[in-house]
1. Go through A29, A98, A104 for me and flag whichever is surrounded by fewer than 19 Cβ atoms within 10 Å (Cβ to Cβ) and modelled with pLDDT under 85.
2. Among all residue pairs at least 6 apart or on different chains, which show Cβ distances below 9 Å where the first residue, located in segment 73-92, is outside any helix (DSSP H, G or I) and buried (at least 24 other Cβ atoms within 10 Å of the Cβ) and the second is of a type in the set (A, V, I, L, M) and modelled with pLDDT of 90 or more?
3. Give the residues of segment 70-82 that are modelled with pLDDT of 65 or more and out of contact with any Pro (no Cβ under 8 Å at 6 or more places or on another chain), sorted by residue number.
4. From the set of residues in segment 177-211 that are among the aliphatic types (A, V, I, L, M) and surrounded by 22 or more Cβ atoms within 10 Å (Cβ to Cβ), which is farthest from G24 (Cα to Cα)?
5. Those residues that are more than 14 Å from the chain's Cα centre (by Cα) and not hydrophobic (A, V, I, L, M, F, W, C), I need them from segment 161-180; list them, please.
6. Tell me which residues, restricted to segment 164-175, are part of a helix (DSSP H, G or I) and out of contact with any His (no Cβ under 9 Å at 6 or more places or on another chain).
7. Is there a residue being surrounded by fewer than 22 Cβ atoms within 10 Å (Cβ to Cβ) and modelled with pLDDT under 80 anywhere in segment 212-231?
8. I need every pair where a residue in segment 216-229 that is in contact (Cβ under 8 Å) with a residue 12 or more places away in the chain has its Cβ under 6 Å from the Cβ of a residue that is outside any helix (DSSP H, G or I) and surrounded by fewer than 24 Cβ atoms within 10 Å (Cβ to Cβ), sequence separation at least 6 or different chains.
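The values are calculated or read from the model by the stated rules, or taken from the named source; none is laboratory data. Keep in mind it's a predicted model, so treat the numbers as computed, not measured. Cβ placement follows ideal geometry from the backbone for every residue including glycine, while neighbour counts extend to all protein chains displayed.
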Amino acid sequence: MSSRKLIFLTALTLLLFAANSVLGRLALAGAHADAASFTALRLVSGALFLVALVYFGQRTREHAPAPITANLLPALYLFAYAACFSFAYLHLDTGAGALLLFGAVQFTMFGHSAVQGQRFSAREWLGIVVAVGAFSVLYAPDLRGSEWQPAVLMMLSGLAWGAYTLAGKRATNATLNTRNNFVLSVPPALVLWWWMRPEMSLSMEGIVLACVSGALSSAGGYALWYAVVPYLQTQHSALLQLSVPVLATLGGVLLLGETVTLYFVLCSSLVLTGIAITLSAKPKPKPAHTAKP
């Protein structure tokens, strides 16, 4: 993949992630959908969109539709991320949720890099410290007074998303793998919805928001993410996601009429500066393992 195409697709993916946050906040915080219904509709609509995309795409190439293979772990990661995300955002505001979610993503992916023997250069460490530090300063005040149960749920959501991203580094066909993951995540989502149906609260606006979130920003965004993440180093794919809450907040300003402060502008600029520093660094190679005589 060319560098220009990689940059464009990565930027588009991050914008779709941000759109997903805005849509979820509109539906859940606005009481247009309960968490279980939003999760189920999001995953079902995403699965239907991807099944149709794969089917008609292969029909035009005169190939038989590829069967759905049973790779359960990524599907369970996807379900766990979506379900925990929905229930946590019933009680957390956007800033606190973003801090917990993406903090857990950083822990998962940087921890994986360290276990795999990846060493970071001084410039990479500088970029990581600047980005994570500015991100924490920006969103930490929103965490005060948050209940611990939603906070734990959002951290679990971040761990699941980090694991889902790492699984994507082994994806051989982004669209097919994402379709399989969405289809296999539907049964547990429906079980959750059936179990929580006495508390169901769903309006037409909630249905539309959940379906748009599932079919476009989730299914489309996650397929693109699986397409680009094999070309990104683990620490880069982790750090890039710190830009999503910044983009989501800007989306709230443009679409929801929320206000933005100079404090937000300064901290967001530092987050993006830290990401740029890390991406510009040349990574250190993994240490060579010499054979014992």
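1. Answer to the check: A29.
2. Qualifying pairs under 9 Å: Y89/A35.
3. N71, L72, L73, P74, A75, Y77, L78, A80, Y81, A82
4. L184
5. Answer for segment 161-180, where residues must be more than 14 Å from the chain's Cα centre (by Cα) and not hydrophobic (A, V, I, L, M, F, W, C): K169, R170, T172, N173, T175, N177, R179, N180.
6. Listed by number, the residues that qualify are Y164, T165, A167, G168, A174, T175.
7. Yes, because at least one residue in segment 212-231 is surrounded by fewer than 22 Cβ atoms within 10 Å (Cβ to Cβ) and modelled with pLDDT under 80.
8. Y226/A171; V229/K169
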